[in-house]
Amino acid sequence: MASSTSTRVDLDGNPINAITICMIGAGGFIGSHLCEKLLHETPHKVLALDVYNDKIKHLLEPDTLPWHGRIQFHRLNIKQDSRLEGLIKMADLTINLAAICTPADYNTRPLDTIYSNFIDALPVVKYCSENNKRLIHFSTCEVYGKTIGSFLPKDSPLRQDPAYYLLKEDESPCIFGSIEKQRWSYACAKQLIERLIYAEGAENGMDFTIVRPFNWIGPRMDFIPGIDGPSEGVPRVLACFSNNLLRGEPLKLVDGGQSQRTFVYIKDAIEAVLLMIENPGRANGHIFNVGNPNNEVTVKQLAEMMTQVYSKVSGDPSLESPTIDVSSKEFYGEGYDDSDKRIPDMTIINKQLGWNPKTSLWDLLESTLTYQHRTYAEAMKKVIGKPLAS
């Protein structure tokens, strides 16, 4: 048990009781960090469900770990496993992190994307509702789609007005591209499951919280192709750029890297999730943006920063031409589309949970790239046939 469990209180000063959490997708990037946080700092028990457990192996063995007995790994695929309802029934709270969430898949594997994010999530919602269990469901900032400002003329001064781009959970519309732009298959499936969860709350009284992550990044994110993931795989932007840096290749900027994004450090974001878990009275019935509006950059600026940071971390000089431009059709295939700008409004999470992110973009990139370099540099040298340094 955590050492200070007897004195832990929620935001309203009430003692926090130990609960059992059924975490679906516990073996992924977010799940691994959330499991760590729960085991290190709380008395809660985790039923960890996933197909893989590589990212949480360090939490499962050996038996001498101080939290031994508070985490159980269940290897299962929620698509076709009769154990799912029983595990949800055993828990007080279910957290669903399972998803296909890499843009490279949205328009090349739209059926898998829709099934994974909508159809496969249906039984989870159903079992929580029928058994009166609380659900924290992970959605995405992609449900906002494009900003209103993106439809204004390029030179319109209104594009700089936050009313036209700031994304608010309770006000902003969800604007997607045409049906043939299959990149929106993900956002649309995620929006529909959000609407279903919201309806379960409204009609059947299900306790729910919906999380909309805005580019959470940090150690253990995604995979490095050819090292701990498929050689032909295309992970999300951070791992894609890390892969290029590790290989000494230029970073590929899709359509010039002009899209704007905000990035938040995984450890900051997990603090927000823990507040949701332990303050149900403040979190139930809410949708929360979890991001860092202060860490806004274009993808091109991100590439430039990562190049500088990686050079500092690795001691290797940067390439003379650190980036190259590629078209989205060439990189992602037919049917790709993008959102111009994603800046979260933080009013609701700040009011309900008092949460604010702390880590600057430079600091979170330094922490993440230090991890990537330590974890992958030697393996990468072997893969690309470079002689190992003595």
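The values are calculated or read from the model by the stated rules, or taken from the named source; none is laboratory data. Keep in mind it's a predicted model, so treat the numbers as computed, not measured. Don't worry about glycine lacking a Cβ; one is built from the backbone with ideal geometry, like all the others, and counts go over all protein chains shown. These accessible areas exclude ligands, DNA and RNA; they are computed on the full protein's heavy atoms, side chains included. Shrake-Rupley method; radii C 1.70, N 1.55, O 1.52, S 1.80 Å.
Worth a mention:
- Among the residues listed as Glu180, Glu194, Glu171, the single one being assigned to a loop (DSSP other than H, G, I, E, B), surrounded by fewer than 23 Cβ atoms within 10 Å (Cβ to Cβ), in contact (Cβ under 8 Å) with a residue 40 or more places away in the chain and out of contact with any Pro (no Cβ under 6 Å at 6 or more places or on another chain): Glu180
- Residue check for Ile56: surrounded by 20 or more Cβ atoms within 10 Å (Cβ to Cβ), assigned to a helix (DSSP H, G or I) and out of contact with any strand residue (DSSP E or B) (no Cβ under 6 Å at 6 or more places or on another chain): yes
- The stretch 94-161 holds helices (runs of 4 or more DSSP H) entirely within its bounds, and those carrying 1 or more residues that are open to solvent by less than 10 Å² (accessible area, probe 1.4 Å) and among the hydrophobic types (A, V, I, L, M, F, W, C) map to 122-130.
- Residue tally, condition modelled with pLDDT of 90 or more and either open to solvent by less than 10 Å² (accessible area, probe 1.4 Å) or aromatic (Phe, Trp, Tyr) (or both), over the stretch 362-382: 6
- Residue in the stretch 7-29 that is surrounded by the most Cβ atoms within 10 Å (Cβ to Cβ), counting only those that are within 18 Å of Thr94 (Cβ to Cβ) and among the β-branched types (Val, Ile, Thr): Ile24
- Subset of the stretch 252-271 [of a type outside the set (D, E, K, R) and touching a Gly at 6+ places or on another chain (Cβ under 7 Å)]: Thr262, Val264, Tyr265, Ile266
- Lone qualifier among Ser32, Ser82 - being under 30 Å from Ile119 (Cα atoms) and open to solvent by 50 Å² or more (accessible area, probe 1.4 Å): Ser82
- Residue pairs whose Cβ atoms lie under 6 Å apart, sitting 6 or more positions apart in sequence or on different chains, and linking a residue in the stretch 302-315 that is of a type in the set (Lys, Arg) to a partner that is at pLDDT 95 or above and open to solvent by 10 Å² or more (accessible area, probe 1.4 Å), do not occur here.
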